[in-house]
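The structure appears right after this line, and notes come after that.
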Amino acid sequence: MKAQFWSFDVIFAMIVFGSALILLTFVWVNVSSQYDTAYSFGLQTMQAQLQSLQSRLLLQGVPANWASVVNVTNTSTWTGVSVGLGTGFGNRLSLSKISTLAAMSNYNPGAYQATKSLLGVGYDYYIAINNSNSTITMGLYPYTRNPYAIQVARQSAVLNGMPVSVQIILWTNKSFGVS
């Protein structure tokens with residue numbers, strides 16, 4: 001009986017099983033590596049866009065009086081505008097620019113998508129400007145929308161002579177991985 005156990009059927013089955021196991025391991029490592037690379041690249045892109053947005057928000061924008069040029073309910077007036085919330089004096093913010101951007105981002109879903117390109121980001125965004133008395137928000141709040149990846153930046157600024165904290169969040173609920 002011992003000789004029958006090591007018959008050609010058993011040896012062949014072991015070779016097929018071993019080959020399948022080696023192939024599965026190779027595929028698993030390869031796909032895992034591709035996914036890690038794609039995820040890392042996606043996060044790097046998101047981080048670069050966040051840093052760019054963070055510095056851009058403290059600028060005046062183009063034109064410097066863009067808030068008075070834009071009609072919030074007419075997205076065609078938004079062309080040629082670069083959004084910045086600054087006054088041009090250090091890290092001071094303009095309340096009229098903040099109010100205009102908040103109205104633009106909250107006007108309708110199509111307008112929100114248009115503000116993403118005005119801000120120079122390809123991801124969803126959420127901006128909160130806080131002082132001790134109030135909070136002004138713009139964009140979509142990520143934590144109620146099942147985010148896949150989030151990048152956060154904080155900046156100190158001055159609004160109407162009072163210190164404020166500006167929190168900028170870029171987020172996505174789509175995977176960076178291979179599809």
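The values are calculated or read from the model by the stated rules, or taken from the named source; none is laboratory data. The structure presented is a predicted model; accordingly, all values stated were derived computationally and were not measured. Neighbour counts are summed over all protein chains in view; Cβ atoms, including those assigned to glycine, are modelled from backbone coordinates with ideal geometry.
Across region 54-73, what is the number of residues that are surrounded by fewer than 16 Cβ atoms within 10 Å (Cβ to Cβ), of a type outside the set (A, V, I, L, M), more than 22 Å from the chain's Cα centre (by Cα) and not in a loop (DSSP other than H, G, I, E, B)? Number satisfying all stated conditions: 1.
Just one of the listed residues (D36, D9) is acidic (D, E) and at pLDDT below 75, and it is D36. In the set L95, L101, only one residue is under 17 Å from T137 (Cβ atoms) and buried (at least 16 other Cβ atoms within 10 Å of the Cβ); that residue is L101. Cβ separations smaller than 6 Å between residues 6+ apart or across chains give the following pairs from region 79-98 residues that are under 7 Å from Q60 (Cα atoms) to residues that are part of a strand (DSSP E or B): G84/G61; L85/L93. Taking the numbered list (1) in contact with a helix residue (DSSP H, G or I) (Cβ under 9 Å, 6 or more places away or on another chain); (2) surrounded by fewer than 15 Cβ atoms within 10 Å (Cβ to Cβ) in turn, P109 passes all entries but (1). Figure legend. Inter-residue proximity from region 158-177: first residues more than 25 Å from Q60 (Cα to Cα), second residues of a type in the set (D, E) and not in a strand (DSSP E or B), beta-carbon distance below 9 Å, spacing 6+ or different chains. Indicated pairs: G177/D36. Taking the criterion of being surrounded by 13 or more Cβ atoms within 10 Å (Cβ to Cβ) and farther than 27 Å from V70 by Cβ, the residues of region 114-150 that qualify are P147, Y148, A149, I150. Where residues in region 138-158 are among the hydroxyl-bearing types (S, T, Y) and out of contact with any Phe, Trp or Tyr (no Cβ under 7 Å at 6 or more places or on another chain), which of them is farthest from S94 (Cα to Cα)? Among them, the one singled out is Y148.
Within region 15-38, residues that are within 15 Å of S175 (Cα to Cα) reach partners that are of a type outside the set (A, V, I, L, M) and at pLDDT below 85 with beta carbons closer than 6 Å, at six or more positions or on different chains, in the pairs Y35/G177; A38/F176; A38/G177. Within region 74-91, the presence of a residue that is crowded, with 18+ Cβ neighbours inside 10 Å, within 25 Å of M46 (Cβ to Cβ), under 13 Å from the mean Cα position of the chain (by Cα) and not basic (K, R) is excluded.
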